[in-house]
Amino acid sequence: MPAVANDFASCVVKLKETAQQQGLSQDTIDNTLANVKYVSRVIELDKKQPEFSQTFDNYFSKRVTDWRVQQGRKMLKENKVLLEQLQDTYGIPPQYLMAFWGLETNFGSYKGKMPVLDSLATLACDPRRSKYFTGELMKALKLKEKYDFDASQMVGSWAGAMGHTQFMPSAYTHYAVDGDGDGKADLWNSTADALTSAANFLNQLGWQRNERWGREVSLPENFDYDYLGKAKSQSLIEWQKLGVMQSNGGALSTPDMNAALYLPAGYTGPAFLGYKNFDVIMRWNRSIFYAIAVGHLADRINGGVSLVVSPPKQDNLSRARVKTLQAKLNAKGFDVGKPDGVMGTNSKAGLRAYQKSIGLVADGFPSEATFKAIGVN
């Protein structure tokens, strides 16, 4: 027997002990946990660090498509009664639920095919994030036991996300709702359950009723890009004073709300203000690209227009190239921390300071002009 198989078998013995300690039935342990399989592909996907960081244009153009807009509008009509009920109960406008549903599973047409219990057991037995995935596995087993799900039905992503809305077992446990009244919260087979659960999730995450996610905006010439990012959030009145306008050239409305400014493709691309609901979307998926895509797709589904400023075509950035950039910044006295190939908050701040010091537009975006100036091929 290969070493990996031996290790996995030993790990499953410990998982059985954990399951017993957490009160799972012997029947579940004997007939489910005893039959889980090691999936090497799951480990490959978990450990795979992308060689390139995707550009905003590549990400956005693949997700906010005409097909998703049209299909979202169609699904909006088909589920009109349910969606209006959910808006009344949870405060989530229908177009947002359609946007999440569209981005997660193409409106339920692709929910993943990998056996969730096998994936979670494999990840629980890998030392990298064993504690987290052991917890998710136990929750998945409890869901199986509670709702009498067949293990073969429990399929999803390689990391264990499940159903129309791709909930991890912990999210399923805490936020899933029986929307159709059949006594079971089934996120695979019930659209009503899935959409109700998504509405409940967003509500519990702090969704602000009657507020937008954010909007595309227009910045004045010679704008001070020190105001970028969540840490520099300020009131809409302050943004208006700085010359920020709606993307169509209209005055920025100024209700008593705070917003943060984002430039996902640098100063040559579209600019966005993100409100409190932008932060809620980020709690669903910790990606600025994702949050903008959800918000804009929701706007389009609701009859809104395309972006005024299209994302510029940019080459994907290699992590090796970003690491070199970070090392050069450190060497020049702009401390960005240990080079890791990821443009995080510290790297963007250091890059802005460097760009300002040499007279480039200080937007913290690793443009070709910036790479050339600092000497990175």
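The values are calculated or read from the model by the stated rules, or taken from the named source; none is laboratory data. Treat the numbers as computed from the prediction; the structure is a model and nothing was measured. Heads up, the Cβs are rebuilt from the backbone with ideal geometry, glycines too, and the neighbour counts pull from every protein chain shown. Only protein heavy atoms, including side chains, enter the accessible area calculation; ligands, DNA and RNA are left aside. Shrake-Rupley method; radii C 1.70, N 1.55, O 1.52, S 1.80 Å.
The set of residues in region 111-153 that are more than 15 Å from MET168 (Cα to Cα) and acidic (Asp, Glu) comprises ASP126, GLU145, ASP148, ASP150. Screening the candidates TYR172, TYR225 for the property of being closer than 30 Å to ALA251 by Cβ and touching a residue at least 24 places away in the same chain (Cβ under 8 Å) yields one hit, TYR225.
Cβ-Cβ contacts under 9 Å between residues 6 or more apart (or on different chains), taken from a first residue in region 351-377 that is free of Cβ contacts under 8 Å to residues at least 24 places away in the same chain to a second residue that is among the aromatic types (Phe, Trp, Tyr) and open to solvent by 40 Å² or more (accessible area, probe 1.4 Å), are listed as ALA353/PHE334; GLN355/PHE365; SER357/PHE334. Only one entry in LYS139, LYS144 is among the charged types (D, E, K, R) and open to solvent by less than 50 Å² (accessible area, probe 1.4 Å), namely LYS144.
Against the criterion of being closer than 16 Å to ALA291 by Cβ and modelled with pLDDT under 95, GLY214 does not qualify. How many of the residues in region 214-242 are out of contact with any Gly (no Cβ under 6 Å at 6 or more places or on another chain), at positive phi and either open to solvent by less than 30 Å² (accessible area, probe 1.4 Å) or hydrophobic (A, V, I, L, M, F, W, C) (or both)? Residues flagged as out of contact with any Gly (no Cβ under 6 Å at 6 or more places or on another chain), at positive phi and either open to solvent by less than 30 Å² (accessible area, probe 1.4 Å) or hydrophobic (A, V, I, L, M, F, W, C) (or both) within region 214-242 amount to 1.
Within region 199-231, track down each residue that is touching a Lys or Arg at 6+ places or on another chain (Cβ under 6 Å) and among the small types (Gly, Ala, Ser).
none
To keep it simple, each residue is scored yes or no on (1) open to solvent by 50 Å² or more (accessible area, probe 1.4 Å); (2) at negative phi; (3) in contact with a helix residue (DSSP H, G or I) (Cβ under 9 Å, 6 or more places away or on another chain); (4) not polar (S, T, N, Q).
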| site | (1), (2), (3), (4) |
| --- | --- |
| PHE52 | yes, yes, yes, yes |
| GLN71 | no, yes, yes, no |
| ASN79 | no, yes, yes, no |
| MET98 | no, yes, yes, yes |
| LEU103 | no, yes, yes, yes |
| PHE107 | no, no, yes, yes |
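Scanning region 196-209 for residues that are charged (D, E, K, R) and open to solvent by 20 Å² or more (accessible area, probe 1.4 Å) turns up at least one hit.
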